[in-house]
Amino acid sequence: MADDVTVEEEQTADTAPAAAESAAEDDDDELVEEGEIAADYLESLLDILDFDGDIDLDVEGGRAIVAIDGGEDLAKLVGQRGEVLDALQELTRLAVQQSTGDRSRLMLDVAGWRAGRRTRLSSLGAEVAQRVVESGEKESLKPMTPFERKIVHDAVAKIDGVRSESEGAEPNRRVVVLPTA
């Protein structure tokens with residue numbers, strides 16, 4: 001009887017990595033499908049608006065990434081401080097959800113705005129963290145979206161001697177950087 005358990009355990013141990021790999025491939029396939037649905041939706045929108053743009057799909061960090069690049073009018077799809085882009089991302093997520101039945105976490109970027117914003121916010125977080133390390137005084141940043149705050153928190157977390165937290169209520173929630181001791 002003990003030998004039967006050992007054989008079962010060995011079989012389970014042998015198949016566990018393959019099952020995990022298969023599950024990861026299934027997740028990627030689902031994310032690729034999300035990206036394709038989003039691309040179709042966005043392509044239709046671009047056609048209606050008579051905007052030019054190339055749509056690129058990727059899977060990164062457990063989410064579908066859809067980027068629109070190449071057209072002159074694309075800045076109109078970003079809006080002031082990315083407000084139009086945020087709304088367009090939410091509409092695209094809803095279109096994917098309507099098609100798949102599952103909530104989507106896809107990320108949409110237009111004309112590289114979100115990628116550039118990520119770079120600027122990472123630099124800002126590192127600069128503020130360094131100032132707080134040197135001065136020992138806490139520093140509050142202006143209100144940001146959850147996406148923007150996460151980027152700043154991640155940048156601050158890489159610097160020894162400081163920590164960050166969010167305070168306030170939406171839409172005025174902000175990052176505060178504090179010395180650790």
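The values are calculated or read from the model by the stated rules, or taken from the named source; none is laboratory data. Source: prediction; values computed, not measured. Cβ placement follows ideal geometry from the backbone for every residue including glycine, while neighbour counts extend to all protein chains displayed. Note: areas computed on protein heavy atoms with side chains; ligands, DNA, RNA excluded. Shrake-Rupley method; radii C 1.70, N 1.55, O 1.52, S 1.80 Å.
Just checking, which of Leu121, Leu94 is under 29 Å from Leu57 (Cβ atoms), in contact (Cβ under 8 Å) with a residue 24 or more places away in the chain and aliphatic (A, V, I, L, M)?
Answer to the check: Leu121.
Give Gly62, Gly70 a once-over and let me know the one that is in contact with an Asp or Glu (Cβ under 8 Å, 6 or more places away or on another chain) and free of Cβ contacts under 8 Å to residues at least 24 places away in the same chain.
Of Gly62, Gly70, the one residue that is in contact with an Asp or Glu (Cβ under 8 Å, 6 or more places away or on another chain) and free of Cβ contacts under 8 Å to residues at least 24 places away in the same chain is Gly70.
In region 59-89, which residues are surrounded by fewer than 19 Cβ atoms within 10 Å (Cβ to Cβ) and assigned to a helix (DSSP H, G or I)?
Correct list: Glu72, Asp73, Ala75, Lys76, Gln80, Arg81, Glu83, Val84, Asp86, Ala87.
Consider region 149-162. How many of its residues are of a type in the set (D, E, K, R) and surrounded by 16 or more Cβ atoms within 10 Å (Cβ to Cβ)?
1
Looking only at region 113-138, count every residue that is open to solvent by less than 50 Å² (accessible area, probe 1.4 Å), within 22 Å of Pro179 (Cα to Cα) and not β-branched (Val, Ile, Thr) and tell me the total.
Final tally of qualifying residues: 6.
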